[in-house]
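Asks: Got a structure for you, written out below as C-alpha cells; questions coming shortly.
The values are calculated or read from the model by the stated rules, or taken from the named source; none is laboratory data. Computed from a predicted structure; not experimentally measured. Quick reminder, even Gly has a Cβ in these numbers, built from the backbone with ideal geometry, and neighbours come from all protein chains shown. For accessibility, only protein heavy atoms count, side chains too; no ligands or nucleic acids. Shrake-Rupley method; radii C 1.70, N 1.55, O 1.52, S 1.80 Å.
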Amino acid sequence: MSFQIFRRALIVGVLLSLLLPAAAMDYLCQTCRQAIADEYLLDQQGRIYCSERCFEATLAKCAACGGACRRQFFSPALGRMYCSETCLASQAPRCTICRQPCLADSFQSGNDFYCSQACLNQRLPHCHSCGAAMKTYYRITGLYGSFDFCEKCARLPLCYACQLPQPGKTLADGRFLCRQCYESAVTDPDEIARIFEKTRELLEKKLSFEFDHVIELYSVDLPTLKQNAAADNLGSEVGSYVFSATLYTKTVSVAGQPEERQYLDDERCSIYVLNLLPEKRLSEVFAHELTHDYLRHRYGTFEDQKLEEGTCEYVAARVNTLLKRPGQNIRFELNPDPVYGDGYRQAAEYVKKHGWRAYLSYLGRQPRRPLPPGK
C-alpha cells in the first residue's frame, strides 16, 4: 500500500477551524488518539494523523534498514517489504549466473535465482542442433549418445550415419546425412584403405588376430551393399562380410585306408562398406567385419548367430576404446536387439570376468561347423 501527504487537506482543516466551533474540530489521531486542533495528515483511506511520526508508525517497516516504507518494494522471493530499491537490492538473492541482485522480472528454479531471461537461458538446456535455449525438450538417443532437441529440430529427418535429427541433405541412393556427418565423410579411396589397414593392424597387435590371406575391400552405395550382403547378414546397414569358396571332395589315405575329405578352393573374402561414412564410423564397421573374417577362418561357422555377432560388436567397441572414443560405445550398451545387443553384452560380461584369451578358448568350445582346409 502507498501513502501520500495531502497538503490540500491541511488547507481544508485550517478553513474548518475558522468556520466551525472548536468542538466540531475535535478530531482524534488514528495512532495516539490525541485531539487534532489545527494541521493534520490524511491518508488515502481518509484516516487522519497528528504528526509525521504517528503517520509513519502505521507503515510497514523496511526489512533492511528498519525505516518506514513510504514507498513499498516487495520481494516475492524473500516475502519481505523494503523502503527503497537500494534496500531491496542489499538483501535480494544473487543471480546464479551474473551475481547481480534479482529484483523485478526475476526467475527462480529450485534453489537458484536468475535476474533476467538472458541469464536463465544460460542455465537451460540448449538444442543439440540449433543451439536454442529450451524450457521443454526432447531427448533422442542416436548411435553415439543421447542429446536434447527443441520441438522444431526433433521433427527433422534422422541422419543415416549418426541416427540423430539434424539439417542435412539426401543422397542419390536415398540416404539422408546430417551436415556434420556429410562434411566429415571419407570419400578418398586411399584414405578408406588407410583406415582399413590401421584397423587390421590394431586387431593383430592388441587382440592377437591373424589375417594370412587377401581381403578385398569395396566402398559402395546402399543398393550395392544390399545386393552383396551375405545370406546371414541381410540386416546389415553399413557393412557386410562375404565369404565364398568352391567345396570339393578328395579321397586321401589315412592309416593305409582311403577316406574322403572336403577341401576348399577359389576362396574369396570380401568386405563391403557403405560409402560416405565418417572415419569414426568406418573404424567400427571394419573392426566388426574383420572379426567375422577372423572367426570364420579360426572357428568356422557358429550355430548361435548371437555368439558371432556379439563377438563382432564387442571387438568394434574395443577398437573404439583403443582409439580413445569410448563415448561411441553407448550404442552397443543400449542396443535392444536380441542378437547384436544381447550378444555384445554377453561377450563383454565374459571378457570382464575371465579375460580376452579365456573368451577365445570359450568360443572354441561352442557348437560350430569348422571350415574345411584350403587346397
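Asks: Would you calculate the volume per residue, in Å³, of the smallest convex hull containing every Cα atom of region 273-375?
Replies: With only Cα atoms used, region 273-375 gives 119 Å³ per residue.
Asks: Then there is this: Taking the Cβ-Cβ separation of GLN117 and ARG357 as r and a Förster radius of 35 Å, what is the calculated FRET efficiency to the nearest 0.05?
Replies: 0.05
Asks: Got a sec? What order do ARG281, ARG194 fall in by accessible area at 1.4 Å, biggest, i.e. largest, first?
Replies: Sorted descending by solvent-accessible area, the residues read ARG194, ARG281.
Asks: Okay, next question. Identify the trypsin sites (Lys or Arg not before Pro) of region 85-180 meeting these criteria: DSSP loop state and at most 14 other C-beta atoms within 10 Å of the C-beta.
Replies: Here the sparse-neighbourhood loop sites are ARG99, LYS135, ARG155.
Asks: For region 127-246, take the alpha-carbon Rg, divide it by the Kirkwood Rh, and send me Rg/Rh.
Replies: When Rh is taken as the Kirkwood radius, the ratio is 1.07.
Asks: Pull up the cross-link candidates among the lysines for LYS152, meaning alpha carbon to alpha carbon under 20 Å and not fewer than 8 places away within one chain.
Replies: Partners found: LYS135, LYS169.
Asks: May I pose another question? Enter the Cα centre distance for the pair region 233-278 and region 300-328, rounded to the nearest angstrom.
Replies: Cα centroid of region 233-278 versus Cα centroid of region 300-328: 21 Å apart.
Asks: Continuing with the same structure: Starting from the Cα-Cα distance between ASP212 and ALA193, subtract it from 0.36 nm times their residue separation and give me the gain in nm to one decimal.
Replies: Here the answer is 5.1 nm.
Asks: Here is a further query. Over the heavy atoms of GLU201, what accessible area does a 1.4 Å probe trace out, to the nearest 10 Å²?
Replies: Its accessible surface works out to 110 Å², give or take rounding.
Asks: Roughly how many percent of the accessible protein surface of region 251-295 is carbon and sulfur, given a 1.4 Å probe and a whole-percent answer?
Replies: After summing per-atom areas, the C and S share lands at 40 percent.
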